[in-house]
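The values are calculated or read from the model by the stated rules, or taken from the named source; none is laboratory data. This one's a predicted model, so the numbers in the text were calculated from it and none came from an experiment. All Cβ positions, even for glycine, are placed from backbone atoms using ideal geometry, and neighbour counts span all protein chains on display.
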Amino acid sequence: MEQTGSRTRGFTFIELMVSMALGMIVVGAAVKLYSQGVDATWVISQRAEMQQNLRATENLLLRDISLAGAGLTGVPGESVTLPSAEASPIYGCDQTRTAAGCLPVGGVNYPSIPAGSSPTLYPIMSGYGLGITPPGAVISGTGKTDLITVVYSDITLALNCYTVTFTAPGNSITFTAPPNNPLPTTCVLPAGLAYPQAVNDAVVGLTPGDILLLSTPLGYAVGEVTSVVGPAGAPAPGSAYVVGFADGDPLNLNQNGQPNDLTQVSGFASAPPAGVAGSIANRLLVITYYLQNIPDPTGQTAGITILYRQVNGHTAVPVTDNVVNMQFTYDTYDTAGDLLSQLGDPTQGSTVAPNVIRKVNIAHLTIHSQLDGARSLLMATKGYQAYDVQTSMSARNLSYNNRYSFH
């Protein structure tokens with residue numbers, strides 16, 4: 001009986017190569033799909049982050065611009081003439097008054113309309129072409145970005161509850177806390193408060209760099225706070241706080257004894273000199289938005305362009321990074337009551353009235369991605385991703401209060 005021996009047969013070399021090739025194709029396809037998924041996730045996450053940052057920035061701008069002029073409706077023309085005999089008053093500077101603390105370097109002069117007249121504080125002050133040119137950006141018009149400054153009254157500190165007393169020669173004011181029952185009729189308290197905060201309150205109180213609007217029977221004036229002295233803790237009826245407005249302030253608003261200075265509405269400049277009664281003080285918020293490029297210390301990139309928000313004479317606070325363009329136009333009226341639309345600088349020309357701006361238009365608010373497209377195969381030739389938004393908002397306190405009575 002013949003027994004046929006069995007033998008085991010394996011894969012041939014050709015079969016092995018074919019199977020390996022097919023396996024590599026499958027694995028490569030899977031890696032490709034995974035890589036594209038990661039790239040798509042990266043691109044989408046950047047877009048979501050840009051949209052979120054742009055929306056938050058736009059909302060902050062809209063809120064401030066829509067409040068322009070609030071609290072100034074009792075001031076004729078919603079504008080206050082500033083002193084300038086000793087130096088031109090400026091905004092856009094903090095208390096250091098250094099190049100890093102002033103944008104542009106040296107600060108921005110308040111507008112003088114018409115040319116040659118005294119500088120004046122307006123509810124909205126354009127900064128057409130006064131900003132920077134971000135690295136790599138192509139900006140229409142002047143080739144530079146814009147600034148924008150809005151002014152409105154602060155309602156968080158109830159200064160209008162205090163009695164205001166000037167001290168000769170008028171560059172020092174004593175704020176005396178009111179009786180508790182009843183409070184003065186001028187006293188408007190923020191929600192949730194039964195008594196006004198201390199003038200030197202650690203959270204909302206006055207500090208050097210704040211700007212106050214003083215209303216007296218002799219007129220209106222503004223000054224920059226240079227010192228605040230008073231008792232610590234919560235105020236009681238009769239608590240007194242002394243606020244100084246010394247010459248040489250960083251914003252050049254205090255020019256004691258000069259025309260339009262707050263010393264001129266104190267009563268001490270009259271003959272015979274005497275302090276006035278019935279004065280009211282409010283803190284103004286002079287808010288400036290501007291772009292600043294922060295260089296890369298390693299020199300590998302052009303740096304980061306950041307949008308800043310500066311209030312009065314305090315240190316500017318970053319709002320959003322990678323904002324590479326910010327430009328505005330304005331709708332206002334000329335002296336004949338004719339609507340002028342899409343003006344880059346509404347303060348140009350003797351027939352333009354910046355205190356009757358009807359609408360502020362964001363012509364460009366542009367943000368780009370944090371990283372460039374080289375990080376993603378999908379965006380390898382596309383550079384940075386970017387969004388540009390345009391919108392308009394009414395300066396409601398100016399539109400409804402002024403436009404019908406300007407003629």
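Here are the numbers for this structure:
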{"read-out": "Count of segment 154-171 residues which are surrounded by fewer than 20 Cβ atoms within 10 Å (Cβ to Cβ) and part of a strand (DSSP E or B)", "value": "3"}
{"read-out": "Subset of segment 172-209 that is β-branched (Val, Ile, Thr) and assigned to a loop (DSSP other than H, G, I, E, B) - its residue that is surrounded by the fewest Cβ atoms within 10 Å (Cβ to Cβ)", "value": "Thr185"}
{"read-out": "Check on Asn322, in contact with a Ser or Thr (Cβ under 7 Å, 6 or more places away or on another chain), polar (S, T, N, Q) and closer than 24 Å to Arg97 by Cβ", "value": "no"}
{"read-out": "Pairs with Cβ under 8 Å, 6+ apart, first in segment 373-400 and at pLDDT 65 or above, second aromatic (Phe, Trp, Tyr) and outside any helix (DSSP H, G or I)", "value": "Asn397/Tyr152"}
{"read-out": "Hits in segment 150-172 - residues which are farther than 30 Å from Val360 by Cα, aromatic (Phe, Trp, Tyr) and under 29 Å from the mean Cα position of the chain (by Cα)", "value": "Tyr162"}
{"read-out": "Residue match in segment 213-228 (condition: part of a loop (DSSP other than H, G, I, E, B) and within 23 Å of Asn181 (Cα to Cα))", "value": "no"}
{"read-out": "Residues located in segment 97-117, provided they are without any contact (Cβ under 8 Å) to a residue 40 or more places away in the chain and either of a type in the set (Val, Ile, Thr) or outside any loop (DSSP other than H, G, I, E, B) (or both)", "value": "Thr98, Ala99, Ala100, Cys102, Val105, Asn109"}
{"read-out": "Gly141 being in a loop (DSSP other than H, G, I, E, B), within 30 Å of Val323 (Cα to Cα) and touching a Pro at 6+ places or on another chain (Cβ under 9 Å)", "value": "no"}
{"read-out": "Flag for Thr288 being of a type in the set (Val, Ile, Thr), modelled with pLDDT of 85 or more, within 20 Å of Gly143 (Cβ to Cβ) and under 16 Å from the mean Cα position of the chain (by Cα)", "value": "no"}
{"read-out": "Test: residue in segment 223-243 that is within 30 Å of Leu130 (Cα to Cα) and out of contact with any Pro (no Cβ under 8 Å at 6 or more places or on another chain)", "value": "yes"}
{"read-out": "Tally of residues being within 16 Å of Ile362 (Cα to Cα) and in a helix (DSSP H, G or I) across segment 54-80", "value": "13"}
{"read-out": "First in segment 139-158 and farther than 17 Å from Tyr91 by Cα, second anywhere and part of a loop (DSSP other than H, G, I, E, B) and of a type in the set (D, E, K, R), Cβ under 8 Å, 6 or more apart", "value": "Leu157/Asp201"}
{"read-out": "Residues that are in contact with a strand residue (DSSP E or B) (Cβ under 7 Å, 6 or more places away or on another chain) and farther than 13 Å from Ile148 by Cα, drawn from segment 303-321", "value": "Gly303, Ile304, Thr305, Ile306, Asn312, Gly313, Ala316, Val317, Pro318, Val319, Thr320, Asp321"}
{"read-out": "Condition broken by His314, with the remaining ones in (1) at pLDDT 75 or above; (2) over 18 Å from the mean Cα position of the chain (by Cα) satisfied", "value": "(2)"}
{"read-out": "One residue from Thr163, Thr176, Thr120 being without any contact (Cβ under 8 Å) to a residue 24 or more places away in the chain, within 26 Å of Gly267 (Cβ to Cβ) and touching a Phe, Trp or Tyr at 6+ places or on another chain (Cβ under 9 Å)", "value": "Thr163"}
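For every residue, the table says whether it meets (1) surrounded by fewer than 18 Cβ atoms within 10 Å (Cβ to Cβ); (2) hydrophobic (A, V, I, L, M, F, W, C); (3) at positive phi; (4) part of a loop (DSSP other than H, G, I, E, B).
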position: Ala234; (1), (2), (3), (4): yes, yes, no, yes
position: Tyr241; (1), (2), (3), (4): no, no, no, no
position: Asn254; (1), (2), (3), (4): no, no, no, yes
position: Gly257; (1), (2), (3), (4): yes, no, yes, yes
position: Ala277; (1), (2), (3), (4): yes, yes, no, yes
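So that you can scan it fast, the table gives a plain yes or no per residue for (1) closer than 29 Å to Asn171 by Cα; (2) touching a Lys or Arg at 6+ places or on another chain (Cβ under 7 Å); (3) among the polar types (S, T, N, Q):
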{"position": "Ala85", "(1), (2), (3)": "yes, no, no"}
{"position": "Gly92", "(1), (2), (3)": "yes, no, no"}
{"position": "Arg97", "(1), (2), (3)": "yes, no, no"}
{"position": "Gly107", "(1), (2), (3)": "yes, no, no"}
{"position": "Tyr110", "(1), (2), (3)": "yes, no, no"}
{"position": "Leu121", "(1), (2), (3)": "yes, no, no"}
{"position": "Tyr128", "(1), (2), (3)": "no, no, no"}
{"position": "Gly131", "(1), (2), (3)": "no, yes, no"}
{"position": "Ala137", "(1), (2), (3)": "no, no, no"}
